[in-house]
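*Asks:* Have a look at this one.
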Amino acid sequence: MPKSEKLALFIDGANLYATAKTLGFDIDYRRLLAEYKSQGSLLRAFYFTALIEDQEYSSIRPLVDWLDYNGYHVITKPTKEFVDATGRRKIKGNMDIELAIAALDIAEHIDHMVLFSGDGDFRSLVESMQRRGVRVTVVSTTSTQPPMVADELRRQADEFVDLAHLQKLIGRDPAERAERPPRHGDRRPPPPERQAPPQAAPAADDYE
């Protein structure tokens, strides 16, 4: 990747979390940011996740706050609760539209889009970005059974990078001891940059 290349990261929080967990490691978001800053001119690192707002304590909030204070542009929205046809309570937290809009808005300013997701719904977005002259790399994995990346998304991408191959570059050291994450009602600021980012499961597209 040319050092002069302008790039942006688009992280589907729930999808990346699930993929890394399936591969058996946690993402170190400080290392991830540093890695892509070293590869070119990083204009923006977007992180998308839905939040369950009526919870007394949200496990994802400490991570969202840390990312917000440490170089990421975090985009969130509240989840929506509904009852399906079988009468089961479900919670919806899909961020596909928000990610697509952010990508199209910045398309004319970047050369390279790095999408951390295996969601096949993004195939049309990838194609649209390519028509605008943007090269697209998809980061997910085929190292699991079944693969975490949709075949149509992988085929559409200009380049596919298996997340398993990035573990040594952006994985969190299991021996690293993180500070206790802030809890609901805490008035102290999010962890400073020298501390490891908290780990939490972002809201998935659907809950039961």
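*Asks:* Mind listing the long-range amide H neighbours of Thr141? Cut-off is under 5 Å, sequence gap 5 or more, other chains count too, H placed in the peptide plane at 1.01 Å from N.
*Replies:* Excluding prolines and chain starts, which carry no amide H, the hits are Met148, Val149, Leu163.
*Asks:* Taking H placed 1.01 Å from N in the peptide plane, check which residues at least 5 places from Ile11 or on another chain put their amide H under 5 Å from its amide H.
*Replies:* Hits under the 5 Å cutoff: Phe46, Tyr47, Phe48, Phe116.
*Asks:* Which order do the peptides 14-22, 39-47, 144-152, 158-166 come out in when sorted by mean C-beta neighbours inside 10 angstrom, highest first?
*Replies:* Working: 14-22: 20.6, 39-47: 18.6, 144-152: 14.8, 158-166: 16.9.
Those peptides, ordered most packed to least, come out 14-22, 39-47, 158-166, 144-152.
The numbers here are math on the coordinates, done by the rules we state, and not lab data. Since the structure is predicted, the reported quantities are computational estimates derived from the model, not experimental observations. Every residue, glycine as well, gets a Cβ built from its backbone with ideal geometry; the counts of neighbours run over all protein chains shown.
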